[in-house]
Structures are given as structure tokens and as C-alpha cells.
Protein chains: 2
Amino acid sequence: MTYGSEKIPLHCSKCPLRRLDLFLPFDEEEIKFMESFKSGDMIVEPGTHLFIEGAEAAQLYTVLSGLGIRYKTLENGRRQVVNFVMPGDFLGLQAGVMQKMSHSIEVTTKMRLCVFERSRFYELYKNQPDRGYSLTYLAALEEYFLAEALTTVGQRGALEKVSWGLHRFRIRGEALGLLKNGKVPLPFKQQDLADALGLSLVHTNKTLAKLRSDGIANWQDGELEVKDFQALTKLAMVEDFELPKRPLI
Amino acid sequence: MTYGSEKIPLHCSKCPLRRLDLFLPFDEEEIKFMESFKSGDMIVEPGTHLFIEGAEAAQLYTVLSGLGIRYKTLENGRRQVVNFVMPGDFLGLQAGVMQKMSHSIEVTTKMRLCVFERSRFYELYKNQPDRGYSLTYLAALEEYFLAEALTTVGQRGALEKVSWGLHRFRIRGEALGLLKNGKVPLPFKQQDLADALGLSLVHTNKTLAKLRSDGIANWQDGELEVKDFQALTKLAMVEDFELPKRPLI
DNA sequence: CGCCTGATTGATAGTTGTCAAGTTAAGTGG
DNA sequence: CCACTTAACTTGACAACTATCAATCAGGCG
């Protein structure tokens, strides 16, 4: 490990994420088990690749803070951003059950991780059925988000796509308690969003400019400010969207 | 249930799907448990909706034979086909762990199903850790397929998309033992494929015509004949694709 | 100050969508 | 048994959206 990683002991019971409404509650016994299951903490720098598409992985992670990107690459060099990684996400579930990962994960901002050993993965199912259940839950959630993204990329136009993306960022950021003064941090590049939506960088840029000049949303200097949430919601066609609660591993 | 359903007892140990190489092996005890877990068989006619987006579901299914479509609809009336349902697929996992389904499932050809009660879902985790593990496995597989589809819809051009779709059908059909005389059954409509790839019906049709006139693949009368598999593979940009084995529930 | 990355903008080209009409095959009712 | 209807598939013409190309601009950093 030359990740520039360092030890930072943090007991699960003190995990700041638990306080968030976004996550399903934990009982004492579960916390105790997870504490024993956890093999350590780790901090990684921007640019680090936590997983590489097609490779096996010895460690699995829960994101405590920081942001990243899940992506797949094609023979022709193009890249599809499959999802954005945010605190609370469990990374490596695929490597846990299947042999390898189907996508890569790159760290965008300094990230703090909780580390687990893949070799002990099956223990969860054997000793803690609830935790196994939670893992299926998380996998089903990922499936849900991916289906939404697929629908967006397949059926929405450019303005709707970008609106959908920003709406999604705003909702997730808010649920994580990152909303301050009407703004959520959004330190990704326009190219990242373009690759997530299946649009070209240029067209994404122009669409963002339109949302800005129409007074709907402002994404600049790594921060997103939604000025007219209702209009954004309408453009994104997600009238009744509610971010589902999720288990924390 | 007015689905025109009928009873057809079939013991799990005699399930014809087990013989296929596509599925991971089962031991005696597992078969015994599944037999007790299963609540019945059912046959449904084309046009039936097994699940409706957003609704809760009391039953979960394993597809024994027949084909179907998973899809989501948007406010503007457009439809995204999220995946095609084939024998061996487990339906309703999302409803099992989360409250509701994020997509609908419609039956395309007469389908035979193995039925389970959602209320007993948690038993799997409690009493049969291996089965719980398998469910996570299946969910992770779905995630994998969805990510592939997302990459296709987001980053490939029309000819590549259609090639990818046909390649996928050919591979899945073959793995299910449906390949006969170089043909696999493909009883979907062009509109279904178009909705899966994020293309218009007209353009999909014209792209299929091109593949046909180029002597690469022929999809007509509900059957797909791949005449130049290598060329198709190249167009689809899936050089080293291997269909992963999967557990059967 | 020069270099590099990311963002921005205008001009142009191309792929894909939309419209409309026609064909084929299969069913339905008189 | 035959006209009529309907669903799915075809095909050509045209419009629209989005990509690509090419510059320019702004900020960070050695």
C-alpha cells in the first residue's frame, strides 16, 4: 500500500454518518459486530484508483467522507461514468460475491474509508443474517439507481439529462448534510457529468450555461447552487422523487 | 389471481434449468430447502404484468421458461427497457428487500414461473446463509448487466448499439440451450429493442436492415440468425465477453 | 512569466429523430 | 370465402439535436 494512507482509528459507534437520517438505524449488537469485522481506516488522495475494472480485490470499503467516480471504459477510449461515489457508499460488493469488479473506481477528493477484508465477506451471511440482508439491500439499491440512470441516458434530452444530474446531486448532497447557504459541494469536472449522461463535453457546457442564464441552477467553482428547485425538478421530470433510506455497512 | 394461471407441480430436483452450464451447481440440501420454500408454479399468458413500477408485491418468482421485459416509463410517455427477462431470472428481488419495484415487468411469451412468498423472504437469510449470499450475487449480477447497458446506451453509436443488443441475445440464448440451426428465438418487437437502446424505432429498423444486408445478422419472424459472429462481436466492441455463471433461486 | 488544465463560445458537420406513406401478415366478421 | 382491420415492419424525405472542430479565456502553479 503506497496510497499515502494513514491510520486513523475511529470506532463505529462514533461514526458521524450514523446520525444522518439517510441511513437506517443500527442496534448495539450490529455496531459491535461491524467494529470487529472492520480491519482499519484509510485515507486516500485524489487520483487514487480503489478498484480497476476486471481486477480482483482483497479489500472492500465503506466511504466515510470524500467523493469519487465509478466508471467503465470502452475499447474506443470512451468512458461511461456509472455513478458518483459519496459518503455511506459501500465499495466492492461485486468483488465480494463475483470474482471481479465490472467497473473502476477513482477517488476525486481526499477520501476517508473504512476497510474490510474480502476473505471474511462470507462471515456476514453466516453469522449476521441482518448484515447479509443489508448487503442485498444495497445491491438492489444500486440496481435501482442504475436503472434510473439508464432511463435518463436512454430517454431524456440533453437539457433534461443535465437537469436530472444536478437534481440528483442536490438531493444526495442535502441528504448527506452538505447543503450550506443553498449550495452543495460538487467538485467534479464537467467532463465527468458529460460522461455520466452520454453527452459531449461541449454540449454539456452549453446546457449548463443555459440553466445558469435561465436562473435555474449554478454550478461553478466546485459548488452547485440550485436557484429554482421546482423548475429543475420539472425539467428533470422527477416530480415525486424521494431518496430511499439505506443501510450502512 | 385471474391471470389464467394453472397449477403444474414440478419438483425442484427435476427443474430442467439445473442441467444448464450457465447455472451454479446446487447441493441436495439446498434443493430440499428451496422445494419447501417454493409456494407453487404458475403459467401466465403474454401481456400479463408481473410487477408494476412503484407497487408492492406479495410474490416473487423464478422464471422457468418464457420471455419478458423489464421497463420503466417516464412522465412524457417514453419507455426505457431496462433488461430482457429470460429463464433462470429471479423476479422481484427489489420488492423483497425494498418496499417496491422500481420497474415494471411484462410477459412477452407464455411464461412458466416458480412462485415464492415475499413474507418468507427473510427466512433465506436466517436459515440458509448460502441462499442469502446467492441473492446478493444475483443483485450484483443485475448491477453488472445494467452498467453494461448504461455504457452501451451512453457511449456507443447506433450500429454498435444494435450489434451489442443482438450479440447479447445470441449469447444468452445460446447459454440457455436455445440455439438451433444457428438461430435463437427472439420474439420481441423492434420497438422493444429500440426502447432498450435509446434509439427511435425507425432508426433501429434501418440499422437492422444494414446488418442484414451486410450479411452479419438476420432478425426476422421472431428468430435471430447471426451469420458473422466475429463481425458482430467487433461492431459491438465486446471482444472478450464471457457470460458469468449465476445462481438459481 | 509561461505552462497546463478546465471552462467557454462560435461555426460547421453528422448522426439520429420525426413525419408520412406503403407493405406484409394475421386476424375478424359478414 | 372474402372484404376489412390492425399490428408490425419498411422506406424515403426532411428536420433537429448533438457532436466535432477550433479558438479563446481564466485560474493555479512552478
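The values are calculated or read from the model by the stated rules, or taken from the named source; none is laboratory data. Being a predicted model, the structure only gives us computed values, none of them experimental. Here the Cβ is made from the backbone with ideal geometry for all residues, glycine too, and neighbour counts use every protein chain on show. Keep in mind that these areas ignore ligands, DNA and RNA; they rest on the heavy atoms of the full protein, side chains included. Shrake-Rupley method; radii C 1.70, N 1.55, O 1.52, S 1.80 Å.
A few comments on the model shown:
- Within the set A:Leu186, A:Leu193, the sole residue that is within 12 Å of DNA strand C (Cβ to nearest atom) and touching a Phe, Trp or Tyr at 6+ places or on another chain (Cβ under 6 Å) turns out to be A:Leu186.
- Those residues of the range B:115-132 which are buried (at least 23 other Cβ atoms within 10 Å of the Cβ) and facing chain A (nearest Cβ under 7 Å), in sequence order: B:Tyr125, B:Gly132
- Checking B:Gly182, B:Gly198 one by one, the residue that is on the phi > 0 side of the Ramachandran plot and either in contact (Cβ under 8 Å) with a residue 60 or more places away in the chain or surrounded by 23 or more Cβ atoms within 10 Å (Cβ to Cβ) (or both) is B:Gly198 and no other.
- B:Ser163 vs. criteria open to solvent by 50 Å² or more (accessible area, probe 1.4 Å) and more than 18 Å from B:Thr108 (Cβ to Cβ): no
- Residue ID - nearest to DNA strand D (Cβ to nearest atom), chosen from residues in the range B:151-182 that are among the polar types (S, T, N, Q) and within 14 Å of chain A (Cβ to nearest Cβ): B:Gln155
- Of residues in the range B:123-162 being at pLDDT 95 or above and of a type in the set (S, T, N, Q), the one farthest from DNA strand C (Cβ to nearest atom): B:Ser134
- Any hit, the range A:99-112, residues being among the polar types (S, T, N, Q), within 7 Å of chain B (Cβ to nearest Cβ) and touching a strand residue (DSSP E or B) at 6+ places or on another chain (Cβ under 8 Å): yes
- Cβ-Cβ under 7 Å pairs, at least 6 apart or on other chains, the range A:236-249 side on the phi > 0 side of the Ramachandran plot and touching a residue at least 24 places away in the same chain (Cβ under 8 Å), far side assigned to a loop (DSSP other than H, G, I, E, B) and among the hydrophobic types (A, V, I, L, M, F, W, C): A:Met237/B:Leu74
- Long-range neighbours under 9 Å by Cβ, at least six apart or interchain, first residue free of Cβ contacts under 8 Å to residues at least 40 places away in the same chain within the range B:32-51, second assigned to a loop (DSSP other than H, G, I, E, B): B:Glu35/B:His11
- Here B:Tyr144 meets each of (1) more than 13 Å from chain A (Cβ to nearest Cβ); (2) in contact (Cβ under 8 Å) with a residue 60 or more places away in the chain; (3) out of contact with any helix residue (DSSP H, G or I) (no Cβ under 6 Å at 6 or more places or on another chain) with one exception, condition (1).
- Total residues in the range B:201-231, condition without any contact (Cβ under 8 Å) to a residue 12 or more places away in the chain and within 14 Å of another protein chain (Cβ to nearest Cβ): 1
- Flag for B:Lys234 being surrounded by 19 or more Cβ atoms within 10 Å (Cβ to Cβ), of a type outside the set (Val, Ile, Thr) and within 13 Å of chain A (Cβ to nearest Cβ): no
- Restricting attention to the range A:183-200, the residues being within 14 Å of chain B (Cβ to nearest Cβ) and within 12 Å of A:Phe169 (Cα to Cα) number 1.
- Residue within the range A:206-216 that is within 30 Å of A:Leu24 (Cα to Cα), open to solvent by 10 Å² or more (accessible area, probe 1.4 Å), away from DNA strand C (no atom under 12 Å from the Cβ) and not hydroxyl-bearing (Ser, Thr, Tyr) present: no
- Test: residue in the range B:66-78 that is more than 14 Å from chain A (Cβ to nearest Cβ), without any contact (Cβ under 8 Å) to a residue 60 or more places away in the chain and not polar (S, T, N, Q): yes
- Candidate set from the range B:218-231 (those that are of a type in the set (Asp, Glu) and within 15 Å of DNA strand C (Cβ to nearest atom)); member that is most open to solvent (accessible area, probe 1.4 Å): B:Asp221
- Among (1) more than 8 Å from chain A (Cβ to nearest Cβ); (2) touching a Ser or Thr at 6+ places or on another chain (Cβ under 9 Å); (3) open to solvent by less than 40 Å² (accessible area, probe 1.4 Å) - the single one B:Ala58 does not satisfy: (3)
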